[in-house]
1. Arrange ARG358, ARG152 by Cβ neighbour counts within 10 Å, fewest through most, would you?
2. Show that you can apply the helix-only estimate: for the chain, add -39,500 (n - 2.57) for every DSSP H stretch of four or more residues, divide by all residues, and state [θ] at 222 nm to the nearest 500.
3. What is the order of TYR155, TYR39, TYR126, fewest Cβ neighbours within 10 Å to most?
4. Would you mind ranking THR222, THR166 so that the residue whose beta carbon has the fewest other beta carbons within 10 Å leads the list?
5. Treating region 245-341 as a set of equal point scatterers at the Cα positions, no solvent, please give the Debye-formula log₁₀ I(q)/I(0) at q = 0.15 Å⁻¹.
6. Under a plain spin-label model, where a point goes 7 Å from the Cα along Cα-to-Cβ, how far apart in nm are GLU346 and GLU264?
7. Cross-chain or 8 or more residues apart, Cα under 25 Å: how many lysine pairs in the chain fit that? Count them up, please.
8. Only Cα pairs under 8 Å and at least 6 apart count here; give the relative contact order of the chain as a rounded whole percent.
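Any read-out appearing in this document is the output of simple, stated calculations on the displayed coordinates, not a laboratory observation. In this text, all values refer to a predicted model and were calculated from it rather than measured experimentally. Here the Cβ positions follow ideal geometry from the backbone for every residue, glycine too, while neighbour counts run over all protein chains shown.
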Amino acid sequence: MSDTPRLAPGDTIGILGGGQLGRMLAQSAASLGLKAHIYCPDPASPAFDVSETFTVAPYEDADALDLFASSVAAVTYEFENVPGATAAHLDARVPVRPGVRALEVAQDRLSEKQFLSGAGVAIADYADIQSQADLDAAVARFGGAGVLKTRRFGYDGKGQKMIRSTNDADGAFDALGAVPMVLEQLIGFDCEVSVIVARDVDGHTACYDIARNHHENHILKTSTVPAGVTEATASTARAMAEKIVTGLDYVGVMGVEMFLVRDEKGERLLVNEIAPRVHNSGHWTQDACLCSQFDQHIRAVAGWPLGSADRHSDAVMENLIGFDADSWQEVLREPASRLHLYGKAETREGRKMGHVNRISKQSV
Ligand code: ATP
Ligand code: MG
């Protein structure tokens, strides 16, 4: 449903998914006078703490989805693996923003790559892999190296295998579950960066400053802004992000992950993947911009105009992963830091428990 009424203060936005992203979206909704209804199968969802209404039910429960749809004026989601049938079921009843197409494209690495190259966005060379024989041929074509990824359900580096020799390729198709995959060319990047972009129902876009991302154990650890890239690179990043959201007729915030390659020819960007939702590498916007990525997403989903994505400070966002969060008292004592905790009852290794935004005077 695209011909949507615009929401008014007091209306309710439905959010699929009850993790920290849903929680921060609900907080932004509240700050804009909107209500949130969270739908999540997990009864211990951190987003439930901050929302007026919640539903605990499977994503396949048609009756629960109908009740949910009848209680909200628009639906959004905090994760990209919302089942396609769930999104389509809701979309027949209430506007789903970003749309079903964005979900379909982002859920399947092959569709994603086809869309990105069709939109004229630079990506790593890739091959469609349906068998070990396809893999062997593609590894040979890429000079004996590549990154093998399942087309669906990968996150935090899961569902992928680095291939640096034909030995690594042996048996890799079965080892990853013998499901449809892609092989990507192995990129010797200088660093990873991302752009958070937003698009409203009228087609206006707003782009936050590019962030430099550092991962530890395959999980994002820090995002730093400014990223230390040339103005030309920053402007290419924005242009790529805008092409993507425009090409998808997208409504809401999207995270676009990119590789920055530096060689004798200078700096070059390749898009790695897109996340059709607010993104961990955009958490710095909460404390360094007038309008955070969460406010921006809620505005877009409500059919409201976007706010400013301008940055007023420099920022380093650090994820508090697992027992990192035990340092909360030390963080509280830092004068230029803002602590964000997600209210998760149980601390587990590798689990995102919170983050801290360390803010300093704007340098660029
Ligand atoms: P996340 O949930 O962190 O986004 P993911 O499971 O979706 O991870 P990717 O983002 O595709 O997977 O890849 C994870 C990491 O693996 C990247 O951040 C990058 O460090 C490395 N990587 C992925 N693809 C390539 C590539 N083609 N060349 C070199 N390194 C790569
Ligand atoms: Mg990624």
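1. Working: ARG358 20, ARG152 14.
The order, fewest Cβ neighbours first, is ARG152, ARG358.
2. Details: 12 runs with 101 residues, N = 364.
My calculation for the chain gives -7500 deg cm²/dmol from helical runs alone.
3. Working: TYR155 13, TYR39 32, TYR126 21.
Listing TYR155, TYR39, TYR126 from fewest to most nearby Cβ atoms yields TYR155, TYR126, TYR39.
4. THR166, THR222
5. -0.80
6. Simple spin-label model gives 5.6 nm for this pair.
7. 21
8. Working: 817 pairs, mean separation 53.9, N = 364.
After rounding, I find 15 percent.
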